[in-house]
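To start, the structure itself, in structure tokens.
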């Protein structure tokens, strides 16, 4: 055990970023920093890094996220006002020292380990559905067989909220999706993405985010304008006719993407998870936010 | 047999370390050599996580099964003339079974935490894994034809005149596609990708995650040793002892697989399915037909 401990002292600190307002460019600038590793899921993280301001309506989501980190866990508030009393606050540009400090912390779970609603016991199996499927046990809808929207077969449809801190979605975006396998059957916009300002729309940052979703992690130091990303098949990998190739090509040339997306409730149904995620990432955050905000109002 | 099994068990940790080092080369993260060991140690000291209503037994066993499949697959690779852990006349079939069961194990890994993103990773991997394994079967049958045997030992010996990589130029590139799929890498990583926040591994932490990553690297070693034996002549080569040649070729295939995994973009799964069924599988048929014509008396 002592050998493991000695080796572990030289390890990178795995950090899960919860990105708030104006936090996207901040977090991207951290990706190449030695000593830490940004991870895609809170389960792999030791430290929760809240980057950018969040208002108090996100407290519950953040507490749930916090509870997903295995113990011991620590929190850092980077250019963010703390929503709970644990973890250091970092007002300046460099959170590394605070992350190291948080990596020694052992914060308690902030939410009780309970289902969101009590068990109600409706119907023969108690969950209120049909047979052993469907219903809303503990207040959460369970999968229920429904017609497949593509080929007329019947498949289990599952409804859940995704966001606001899922790393593959624009920060702040909350979608209520009904999925059959990885195909989106219906999509409702529950909350628009956070504002990221002009740094969030920078072509190198947008291209790097999209490439990372395709398994190419070359960071924001990507040599915009070089044919490297093209030679990796990044453009060919995207579905033709979706506009995604055109938008990624623009970013790779160093140009801004100024197209507006269609409302997500119309554009996402019928797409597979990966296509939907890439489609959302293929618009400038400011443009997507504007359309989603309008959609949320209507 | 005992000597071969012992040699494999001694060499495997070092090769897995080498594979992890390859994964860090060029990432600009520093600590290329010691970094994987330190990160692995830190992961071992973190706790496993619990989820709501998991399939606990399969969640516990999936990483172990994956590692076991890598070890069983590796056991049919001959280290030198007459030195092989499992001297089977059907070694290629055993390797094929390990490939096919990898699909099952990855599915169980995604199914067992009872969580949506891992489950999507699991389903997607099965869809992609099936044509990838089929492709590998045709490629391996083509490699077995000149040897007139399904024994890996015989396939290596049949390359004394000419390596299969030259005799069947399509074989190794197609087999590399299978390698990316069974080791969950880059363009064929439909199980654990970033667009699913880690996919089948999204809910894992601590020793369970460490073992899964260790098993992935062990599978990379097993695949590389198999590719080196079936297409690059295995232990055959001038001057150096056979095991050294096998080691050199295995490390070269490992490096190439890691590089290919990092280089190429991953398409949405529907496009990859079309590519596999419509382009790569017919290419593997063509490869088999050409080899069949070549070995006609």
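For this structure, a couple of remarks:
- Looking only at the range A:231-261, residues that are more than 10 Å from chain B (Cβ to nearest Cβ) and more than 20 Å from the chain's Cα centre (by Cα) come to 17 in all.
- Among (1) crowded, with 20+ Cβ neighbours inside 10 Å; (2) more than 14 Å from every other protein chain (Cβ to nearest Cβ); (3) within 23 Å of residue B:255 (Cα to Cα); (4) modelled with pLDDT of 90 or more, the one test that residue B:8 misses: (4)
- Residue that is farthest from the chain's Cα centre (by Cα) [pool: residues in the range B:193-207 that are outside any loop (DSSP other than H, G, I, E, B) and surrounded by fewer than 24 Cβ atoms within 10 Å (Cβ to Cβ)]: B:206
- Taking the range A:202-231 as the range and being closer than 25 Å to residue B:272 by Cα and at pLDDT below 80 as the test, the residues that pass are A:218, A:219, A:227, A:228, A:229, A:230, A:231.
- Restricting attention to the range B:178-192, the residues that are buried (at least 24 other Cβ atoms within 10 Å of the Cβ) and more than 9 Å from chain A (Cβ to nearest Cβ) add up to 9.
- Count of the range A:22-57 residues, restricted to those that are over 16 Å from residue A:95 (Cβ atoms), surrounded by fewer than 20 Cβ atoms within 10 Å (Cβ to Cβ) and touching a residue at least 12 places away in the same chain (Cβ under 8 Å), is 1.
- Qualifying residue in the range B:193-206 (condition: within 18 Å of residue B:70 (Cα to Cα), more than 10 Å from every other protein chain (Cβ to nearest Cβ) and in contact with a helix residue (DSSP H, G or I) (Cβ under 9 Å, 6 or more places away or on another chain)): no
- Single match in B:30, B:40 (criterion: within 14 Å of another protein chain (Cβ to nearest Cβ), in contact with a helix residue (DSSP H, G or I) (Cβ under 8 Å, 6 or more places away or on another chain) and under 26 Å from residue B:260 (Cα atoms)): B:40
- Lone qualifier among B:172, B:162 - being in contact with a helix residue (DSSP H, G or I) (Cβ under 6 Å, 6 or more places away or on another chain), more than 10 Å from every other protein chain (Cβ to nearest Cβ) and surrounded by fewer than 24 Cβ atoms within 10 Å (Cβ to Cβ): B:172
- Breaking point among (1) surrounded by 17 or more Cβ atoms within 10 Å (Cβ to Cβ); (2) in contact (Cβ under 8 Å) with a residue 12 or more places away in the chain; (3) at negative phi, for residue A:79: (3)
- Test: residue in the range A:10-22 that is at pLDDT 90 or above, within 10 Å of chain B (Cβ to nearest Cβ) and part of a helix (DSSP H, G or I): no
- Some residue of the range A:75-83 being closer than 23 Å to residue B:204 by Cα, in contact with a helix residue (DSSP H, G or I) (Cβ under 7 Å, 6 or more places away or on another chain) and not in a helix (DSSP H, G or I): yes
- As for the range A:165-177, it holds no residue that is at pLDDT 90 or above, within 14 Å of another protein chain (Cβ to nearest Cβ), surrounded by fewer than 18 Cβ atoms within 10 Å (Cβ to Cβ) and farther than 30 Å from residue A:295 by Cβ.
- Test: residue in the range B:14-34 that is under 20 Å from residue B:241 (Cα atoms) and crowded, with 19+ Cβ neighbours inside 10 Å: yes
- If you filter the range B:123-157 down to residues that are surrounded by 24 or more Cβ atoms within 10 Å (Cβ to Cβ) and within 14 Å of another protein chain (Cβ to nearest Cβ), you find that the one that is nearest to residue B:183 (Cα to Cα) is B:125.
- Single residue of the range B:207-242 satisfying the filter (out of contact with any helix residue (DSSP H, G or I) (no Cβ under 7 Å at 6 or more places or on another chain) and in contact (Cβ under 8 Å) with a residue 40 or more places away in the chain) that is nearest to the other protein chains (Cβ to nearest Cβ): B:213
The values are calculated or read from the model by the stated rules, or taken from the named source; none is laboratory data. Owing to the predicted nature of the structure, the values given are computational and were not obtained by experimental measurement. As a convention, Cβ positions derive from the backbone with ideal geometry for all residues, glycine included, and neighbour counts pool all protein chains shown.
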